[in-house]
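Quick notes on the structure that follows.
The values are calculated or read from the model by the stated rules, or taken from the named source; none is laboratory data. This structure is a prediction, so every number in the text was calculated from the model and none was measured. Cβ: placed from backbone, ideal geometry, glycine included. Neighbour counts: every protein chain shown. When the accessible area is computed, the model is the full protein with side chains, heavy atoms only, and any ligands, DNA or RNA have been set aside. Shrake-Rupley method; radii C 1.70, N 1.55, O 1.52, S 1.80 Å.
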Protein chains: 2
Amino acid sequence: MAVAGQRVSIFDVAKRASVGVGTVSRVLNGREGVSAATRKRVLAAIDALGYHPSRLASGLSRGRSDAVAVVVPFITSPSVVVRLEGILEVLDNVGLNTVLYSVGNRQQRDRHLGVLGDRHEAAGVIVVSIRLSRQHVERFSAVGTPLVLVDTRVAGVPSIEVDNREGGRMAASHLLGLGHRSFGFIGDIDRKHLGFSSSSERLEGFSARIAEAGIDPSRIAVRSGIHSAGEAAVLAASILELVEPPTAIFAASDTQASGVLSYLKSKGLTAPGDLALIGFDGLEVSALLGITTVAQPLFESGVRGAQLLLQLLAGEVPDPGELVLPLRLLPRSTTVSGASIEPVSRSP
Amino acid sequence: MAVAGQRVSIFDVAKRASVGVGTVSRVLNGREGVSAATRKRVLAAIDALGYHPSRLASGLSRGRSDAVAVVVPFITSPSVVVRLEGILEVLDNVGLNTVLYSVGNRQQRDRHLGVLGDRHEAAGVIVVSIRLSRQHVERFSAVGTPLVLVDTRVAGVPSIEVDNREGGRMAASHLLGLGHRSFGFIGDIDRKHLGFSSSSERLEGFSARIAEAGIDPSRIAVRSGIHSAGEAAVLAASILELVEPPTAIFAASDTQASGVLSYLKSKGLTAPGDLALIGFDGLEVSALLGITTVAQPLFESGVRGAQLLLQLLAGEVPDPGELVLPLRLLPRSTTVSGASIEPVSRSP
DNA sequence: TTGTACGCGTTATCAA
DNA sequence: TTGATAACGCGTACAA
């Protein structure tokens, strides 16, 4: 038992086990060249003293922190949280600490990213959903700090992504297949200039597919605002008040789609009768409300991203360094009128 | 500019400014006893070299990390995320790193909490929504590591809470005032044994108020399950299939209330016509779906918790060490039939 | 196989 | 007002 008072150091362990600190260190780090007998003695001493090494001291000695920095855009979006969960699960399993950096604007982004290349700050860095400039990336490669990108991409940097354009195409195909010929789109505006591009990429794919169907994509009623359900409701209103409102709306996220649905409800309208609606992400809320959506593997993106970083940390060169995860279209009751509103599955 | 290659240390700065490292350290930490002239020279050198101190080294020297550990239950619940945002905002502002510990079961909890008292691990700790034992707390007080509790409480430890019983009473009063006389309750079951107690406390208050109205509280149809909308939908079904189903349901959280609402919708039922429904938390989803709720200041709880920790870190003794934040009942369309489904406000 | 001593980058103490 | 130097706790060459 660690008695209150003085911190127990590697020296105390060494003394108790009648060995040198070097030996204790060797045991601690699973290095060979220690006889079974001494190893056992050392382990016993460690246990008896309740000793655990100081992250600070070992980090300083090794020349690098053992924490992983995870940089996320101001956590307001559920999708980011799910990715983060995935990251945490993997890192926690291998005993790495996760330091969370939430950035709400460019200044914060640059301030944090500018210093995170330092190995004393973090052993490695995972950036989620934030666009990085070449300069940012070069800082990292210059000092050799492993960097992984999740839901964003820079050529040459290991990353986990989905094909947002393809997702847009999938949404369009689904709606076209149902006979729709006029469309609205509700997306994000990147007010904080953090370089979010998924929304516009999804629109690109959506437009391209519409055009292929012989429809003028410039006729899509496009509205953008901050990423929130409330804002999306307002944008939906603006689209539906058009003289010739579209029959279908593609929202760039489930959060926004849920806002559209709430607007419809408030006006006594229904989907897909009055308006077909499709979202993006595959969040629980979409299942709950029966919103058709293009689902992406959010949790998995976090897991994969963290695993990628682990490889980098181990000095390996990840084979498919830039990974593209698959999307799935989940048809539900906001587009397919027959579809029963599923009695939400028990497992979350 | 920090040239790629060697790390620039306090020694480099000292050399460039023609002073001793002691002086640089003094400037760095804003200590007095440095002439304006030398301070200026040092600052210039720091700037020219792009120097910033090593957290590892200063931590080791000072004997404690400058990171704050935040322990949260497996981040699946939106309420926890909002609290976390509040915490991050405050800590980031003062330059403290936030190390996130997500615990999904007792083993994880004990493993993390057991080591977090060490000042080399964290300068201070904030525990969110997880019940701590006396032993846990004593470990912290023994070594003097500041500890703050958010949404949980232990006598003598600084904490931020709401009065869950009072919240339950508020919900009951609201429903009683609307003429309801039969009730259902949907709450959490703490399957992972992390000591969540809000749900049962809310039920206690709810029951007490019901009893005061002359109704036998044992007649409340109580159902509990894991915290998820889907599970809540299943529980709602079980309640509504009773031979004499209640006319109102109190869900222990908005997430669960949204599950109940989705179940109603899937059955073609409406609120409050077929069933009055009230939730808890005041999450955006409740506004979106028009669910009446008992709102608690989630973001603020994080902010206050972090501020409390800052005081502790500064050696101050927070005056009301155990803070109870106010609750507000927000009547919406799942209980008050007249209430229009609000066209969700623009600001989130 | 094991012990010793130095270095990691800061802070803090003590002289100057 | 300053500079030199001893910790802080650990990893690791190097010596034994």
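Numbers below:
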| quantity | calculated |
| --- | --- |
| Rounded if a/c under 1.5, otherwise prolate or oblate - region A:2-68, Cα gyration tensor axes | oblate |
| Cut-off under 5 Å, modelled amide H: who pairs with A:Thr292 long-range | A:Gly279, A:Arg332, A:Ser333, A:Thr334, A:Thr335 |
| Cα-centre dipole for chain A with unit charges at Cβ (Lys and Arg positive, Asp and Glu negative), debye to 20 | 1200 debye |
| Average Cα contact separation per residue, chain A, under 8 Å, 6 or more apart, as relative contact order % | 16 percent |
| Rounded Å value of the spacing that divides the Cα centres of region B:16-78 and region B:131-171 | 33 Å |
| Between 0 and 90°, nearest 10: helix A:298-313 axis offset from chain A longest Cα axis | 40 degrees |
| Other-chain or far-sequence residues with amide H under 5 Å of B:Ala221's (modelled H) | B:Phe183, B:Gly184, B:Phe185 |
| Paramagnetic reach from A:Leu242 (point 7 Å along Cα→Cβ, amide N under 12 Å) across region A:248-262 | A:248-250 |
| Per-residue ³J(HN,Hα) for region B:27-37, Karplus 6.51 cos²θ - 1.76 cosθ + 1.60, θ = phi - 60°, Hz, x for Gly and Pro | 4, 3, 9, x, 7, 7, x, 10, 5, 4, 5 |
| Over the protein assembly as shown, equivalent-ellipsoid semi-axes from the Cα gyration tensor in Å | 47, 34, 23 |
| Estimated [θ] at 222 nm from DSSP helical runs (n ≥ 4, -39500 (n - 2.57)) normalised by residues in chain A, nearest 500 | -13500 deg cm²/dmol |
| Label-reachable residues, region B:240-260, where backbone N falls under 13 Å from a point 7 Å from B:Ser182's Cα toward its Cβ | B:240-249 |
| Rg and Dmax [Cα atoms of region A:164-296; Å; Rg one decimal, Dmax integer] | 13.2, 37 |
| Average accessible surface area per residue within the protein assembly as shown, 1.4 Å rolling probe, Å² | 42 Å² |
| Low-density loop cleavage sites - trypsin sites (Lys or Arg not before Pro) in region A:24-80, where at most 14 other Cβ are within 10 Å (DSSP) | A:Arg31 |
| Ratio Rg/Rh [Cα only; Rh per Kirkwood] for chain B | 1.12 |
| Protein accessible area in chain A, 1.4 Å probe - carbon and sulfur % | 52 percent |
| Exercise: per-residue mean of other protein chain Cβ atoms within 10 Å, A:88-101 | 4 |
| Size of the A/B contact, given as accessible area buried on both chains, probe 1.4 Å, in Å² | 4800 Å² |
| Cα centroid separation - region A:182-254 against region B:248-290, whole Å | 29 Å |
| Those lysines that a straight Cα-Cα span of less than 30 Å connects to B:Lys15, excepting residues fewer than 8 apart in one chain | B:Lys40 |
